[in-house]
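Read-outs: derived from the displayed coordinates by stated rules, not from any lab. Note that the structure is predicted; figures quoted are calculated from it, not measured. Note that each Cβ is placed from the backbone with ideal geometry, even for glycine, and that neighbours are counted across all protein chains shown.
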Amino acid sequence: MNFDLQKCIRQSIWNLTPYSSARDEFKGEASVFIDANENPFDTDYNRYPDPYQLKVKKKISALKNIPVENIFVGGAGSDEAIDLIYRMTCDPKLHNVILTPPTYGMYKVSANVNDVEIRSALLKKIEINNTRNFALDFNAIKISCDENTRLIFICSPNNPTSGSFEPQYIRLVLEFALERNIIVVIDEAYIDFSEHHSWLNQLLNFPNLIILQTLSKAWGHAAIRLGMCFASESIIKILNKVKLPYNVSLLVQEYAVSLLDKEKTKKKHVNKILKNREKLILKLKELDMVKYIYPTDSNFLLVEFENPDGLYAYLIQNQIVVRNRSKEPLCKGCLRITVGKKSENKKLVKILKEYSVIKQD
Ligand SMILES: *Cc1c(COP(=O)(O)O)cnc(C)c1O
């Protein structure tokens with residue numbers, strides 16, 4: 001293996017001297033801080049926060065069994081990491097990224113913001129024992145890559161298709177990319193709901209691997225905007241150079257430290273959601289209007305309906321918001337439905353039944 005990280009990183013970023021905060025330059029004990037133009041009167045929040053969020057990272061480190069040096073934390077969720085990864089690797093108008101639609105929309109938006117060319121390697125529809133599903137098209141990914149390809153994004157479990165990709169195909173992509181100095185980002189936003197293992201234990205084998213996780217889904221804290229990113233120490237160092245100096249506020253750092261002690265609550269929520277998901281699937285399968293429910297490995301369902309647009313509008317009229325994905329490639333007829341609380345799922349099924357009656361009249 002002769003992976004060369006420098007070949008994945010923009011030259012300007014590789015050579016960058018990052019902003020150096022006052023507290024970066026000072027290592028030792030001090031009691032008088034008159035270096036950062038802060039207000040000296042104690043309001044609990046008058047000092048700039050730790051730019052490297054060490055206390056948060058120590059919690060994450062213990063939880064995931066990953067050294068602190070392999071962790072990056074973003075204060076605008078994983079979306080911050082996605083943007084930083086583009087800015088770290090791709091020169092605008094020169095380098096390109098491989099996306100596998102239908103997938104999470106931010107990969108495309110962030111590429112566009114950074115003026116990075118997108119090459120699409122559409123997922124494949126496969127059918128095994130009457131079960132239709134989506135799979136990575138390794139061949140399409142391979143032929144889309146050229147010498148200017150810097151990134152491949154893989155989301156597993158994938159949004160909006162809801163299932164995971166077979167680890168053996170993800171591994172093929174990782175091995176192929178490693179040979180060509182391409183970074184692979186595996187987005188594991190839904191990993192806590194999944195029956196598959198995280199790729200975290202493969203970080204040492206794949207120096208070209210970046211893994212994204214978040215507190216927004218299973219951890220139940222979308223509002224605090226905390227995203228986690230795992231990679232080699234060298235990659236993390238570069239992300240730290242590119243990020244804004246104080247990207248996670250002290251309020252959020254403190255909150256996250258106490259939240260990360262509550263893994264039991266997270267697990268309890270996950271178990272409930274998975275149970276409710278199975279009940280919801282059974283109820284939906286009883287309805288004629290439901291043509292197909294894709295196999296899910298997450299907290300949402302991709303459901304194919306007869307008349308998705310009419311149904312979507314009817315649900316809105318009844319104060320139920322789902323995601324209309326019917327215009328996405330390969331998702332004709334499909335709505336994406338998050339598994340809610342028991343009462344919410346019941347209400348959804350009730351309104352769906354109502355709609356099928358109206359349609360027959
Ligand atoms: C929801 C989601 C995220 C989470 O983004 P945050 O910015 O951390 O809230 C990341 N990736 C995918 C695929 C998602 O669906």
**Asked** How far, in degrees from 0 to 90, does helix 78-89 lean away from the longest principal axis of the Cα atoms of the chain, to the nearest 10?
**Response** 60
**Request:** Calculate how steeply helix 167-179 sits against the longest principal axis of the alpha-carbon atoms of the chain, using the helix alpha-carbon long axis, and give the answer as 0 to 90 degrees to the nearest 10.
**Result:** 40
**Fill in**
Those GluC sites (Glu not before Pro) from the stretch 236-291 that are DSSP loop and have at most 10 other Cβ neighbours within 10 Å turn out to be 286
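Which length gain, in nm to one decimal place, applies between residue 68 and residue 309 when the Cα-Cα distance is subtracted from 0.36 nm times their residue separation? Mind dumping the intermediate values first?
On the way: separation 241, 0.36 × 241 = 86.76 nm, distance 4.69 nm.
Taking residue 68 through residue 309 to full extension adds about 82.1 nm, to one decimal.
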**Prompt:** Angle, helix 263-285 long axis vs. longest principal axis of the chain, Cα atoms, 0 to 90°, nearest 10?
**Reply:** 20
**Message:** Give me the one-decimal nm value for the distance between modelled label points at residue 205 and residue 130, 7 Å along each residue's Cα-to-Cβ direction.
**Reply:** 3.6
**Asked** How many angstrom lie between the C-alpha centres of the stretch 149-180 and the stretch 24-88?
**Response** 30
**Message:** Restricting to DSSP loop positions (anything but H, G, I, E, B) with no more than 13 other Cβ atoms inside 10 Å of their own Cβ, which trypsin sites (Lys or Arg not before Pro) remain in the stretch 303-361?
**Reply:** 327, 332, 341
**Asked** Per residue of the chain, what 222 nm ellipticity follows from adding -39500 (n - 2.57) for every DSSP H run with n ≥ 4, rounded to the nearest 500?
**Response** -11000 deg cm²/dmol
**Prompt:** Near residue 262, which aspartates and glutamates are there with a Cα under 17 Å away, not counting those fewer than 8 places off in the same chain?
**Reply:** 192, 254
**Asked** Of the cross-linked pairs 237/268; 7/267; 237/341; 124/346; 142/327, which ones have a Cα-Cα span greater than 30 Å in the structure shown?
**Response** 237/268; 7/267; 237/341; 124/346
**Message:** Give me the one-decimal nm value for the distance between modelled label points at residue 343 and residue 269, 7 Å along each residue's Cα-to-Cβ direction.
**Reply:** 1.8
**Item:** Three principal axis lengths of the chain [C-alpha, angstrom, descending]
**Value:** 77, 51, 33
**Prompt:** What GluC sites (Glu not before Pro) in the stretch 158-224 are in a loop by DSSP, with at most 16 other Cβ atoms within 10 Å of the Cβ?
**Reply:** 195
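Among DSSP beta bridges lying fully in the chain, give the percent that are antiparallel, nearest 5. Mind dumping the intermediate values first?
Working: 23 of 40 bridges.
Here the share of antiparallel DSSP bridges comes out near 60 percent.
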**Message:** Lone cysteines in the chain, defined as no other cysteine's Cβ under 4.7 Å from theirs: which are they?
**Reply:** 8, 90, 145, 155, 229
